[in-house]
């Protein structure tokens with residue numbers, strides 16, 4: 001279509017790699033309980049890329065979304081941003097801080 005603007009955002013394969021390489025073992029999830037601070041990190045993703053990512057790693061995302069929804073600190077932090085567990089695609093812990101990547 002003439003004049004159409006290409007989607008500008010994060011590349012899907014990079015997001016798939018982040019999700020696939022994430023560790024959501026029991027030890028990792030237990031470590032979240034010691035977190036004192038949550039930083040929400042928005043990542044701009046086009047709708048078609050988001051759907052491709054979700055289809056590629058749906059099992060890992062389902063596990064992650066369940067763990068995020070069960071964590072009161074993460075849930076409260078997301079709600080303050082008008083977001084929910086289903087917006088999260090990765091969580092990384094850095095000491096007492098959780099970095100929560102959302103799209």
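A few points about this structure:
- All positions within segment 70-103 that are in a helix (DSSP H, G or I) and either touching a residue at least 12 places away in the same chain (Cβ under 8 Å) or more than 23 Å from residue 36 (Cβ to Cβ) (or both): 73, 74, 77, 78, 85, 86, 87
- Residue 76 surrounded by fewer than 20 Cβ atoms within 10 Å (Cβ to Cβ) and in contact with a helix residue (DSSP H, G or I) (Cβ under 7 Å, 6 or more places away or on another chain): no
- Unmet requirement for residue 24, which otherwise passes all of (1) surrounded by 11 or more Cβ atoms within 10 Å (Cβ to Cβ); (2) outside any loop (DSSP other than H, G, I, E, B): (2)
This table checks each residue for (1) in contact with a strand residue (DSSP E or B) (Cβ under 9 Å, 6 or more places away or on another chain); (2) in a helix (DSSP H, G or I); (3) surrounded by fewer than 16 Cβ atoms within 10 Å (Cβ to Cβ).
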| site | (1), (2), (3) |
| --- | --- |
| 30 | no, yes, yes |
| 34 | yes, no, yes |
| 38 | yes, no, no |
| 44 | no, no, yes |
| 53 | yes, yes, no |
| 59 | no, yes, yes |
| 64 | yes, yes, no |
| 68 | yes, yes, no |
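- Selected residue (criterion: surrounded by the fewest Cβ atoms within 10 Å (Cβ to Cβ)) from residues of segment 79-96 that are closer than 22 Å to residue 45 by Cα and touching a strand residue (DSSP E or B) at 6+ places or on another chain (Cβ under 7 Å): 81
FYI, it's all coordinate maths here, none of it is from the lab. What you see is a predicted model; the values in this text were computed from it and never measured. Using ideal geometry, Cβ is built from the backbone for each residue, glycine included, and neighbour counts are taken over all protein chains shown.
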